[in-house]
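Asker: Here it is, the structure in full.
The numbers here are math on the coordinates, done by the rules we state, and not lab data. The structure displayed is predicted, hence computed values, not measured ones. Methodologically, a virtual Cβ is constructed for each residue, glycine included, from the backbone with ideal geometry; neighbour enumeration extends over all protein chains shown.
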Amino acid sequence: MSDHRIELIVNGRRHAAIVDARSSLGEFLREALGYTGTHLACEHGVCGACTVRVDGMAVRACLMLAVQADGCAVVTVEGLAAADGTLHPVQQALKDNFGLQCGFCTPGVAITLAAVTENNPAVTVEEMEQAMSGHICRCTGYQGIRRAIRQLAGQLAGQLAGESAGGGHEHE
Ligand code: FES
Ligand code: FES
């Protein structure tokens, strides 16, 4: 066994820990830090349930070692909503459109959609659907998720139109 000291920020909070070199980021987040919203299922990169953001990018927490996250900023599903409890637009869209049933896949779906919409506000419905190809949902048949994607695309288009009409100023 080989232990390493790492420091990282998770959902805005700094954590320092000693981790086994073989521990995945997903195991570390769940078992050492208690962020159990990150779900582990296949644990070999297929299902997407474990997806978290690392320095803004959506990554499979089962395929990344905890030591590789040293110095990184990680966001899990627990960090998506605002501090006052206001849901992230992606969470709200999934809720509005019954985009979840058991919810097992939902943290990963929400994290990926948050990453693609924040990294590219001009993202298309097709690109968001393509991003969903990395997520296996056992429950919904994907129709609710696709409705949520269309809602998000409409909101993003409205924001972009508002920004170009208003000279690109932020509204908040
Ligand atoms: S648990 Fe990581 S992709 Fe399935
Ligand atoms: S909502 Fe049950 S696995 Fe997707």
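Asker: Over all directions, how big on average is the projection of the convex hull of the alpha-carbon atoms in the range 33-97, in square nanometres? If you can, show how the numbers build up before the last one.
Answerer: Working: hull surface 21.1 nm².
Answer in nm², one decimal: 5.3.
Asker: While we're looking at this one, here's another question. Report, in order of residue number, the helices in the chain meeting two criteria: a C-alpha extent of 30 Å or more along the helix axis, and a mean Kyte-Doolittle hydropathy of at least 1.0; treat each whole DSSP H run as one helix.
Answerer: Working: long enough: 143-165 (33 Å, -0.17).
Counting only whole DSSP H runs, no helix qualifies.
Asker: Compute, for the range 28-172, the length of the dipole vector about the Cα centre, with Cβ point charges of +1 (Lys, Arg) and -1 (Asp, Glu) only. Units Debye, rounded to 20.
Answerer: Values: 8 positive and 14 negative charges, 112 e Å.
Charge dipole, the range 28-172, about its Cα centre: 540 debye, nearest 20.
Asker: Hey, could you grab the Kirkwood Rh for the range 6-69? Inverse mean 1/r over distinct alpha carbon pairs, Å, one decimal.
Answerer: Numbers: mean 1/r = 0.0860 Å⁻¹.
For the range 6-69, the Kirkwood estimate is 11.6 Å.
Asker: Take the eigenvalues of the Cα gyration tensor for the chain, scale each by 5, and report the square roots as semi-axes in whole Å, largest first.
Answerer: On the way: eigenvalues 173, 74, 34 Å².
So the equivalent ellipsoid measures 29, 19, 13 Å along its semi-axes.
Asker: Now for a different question. Between Glu7 and Thr36, what is 0.36 nm times their sequence separation minus the Cα-Cα distance? Round to one decimal in nm. Write out the running numbers ahead of the final one.
Answerer: Details: separation 29, 0.36 × 29 = 10.44 nm, distance 1.92 nm.
Contour length minus the Cα-Cα distance gives 8.5 nm.
Asker: Taking the Cβ-Cβ separation of Glu129 and Met57 as r and a Förster radius of 25 Å, what is the calculated FRET efficiency to the nearest 0.05?
Answerer: The value I calculate is 0.85.
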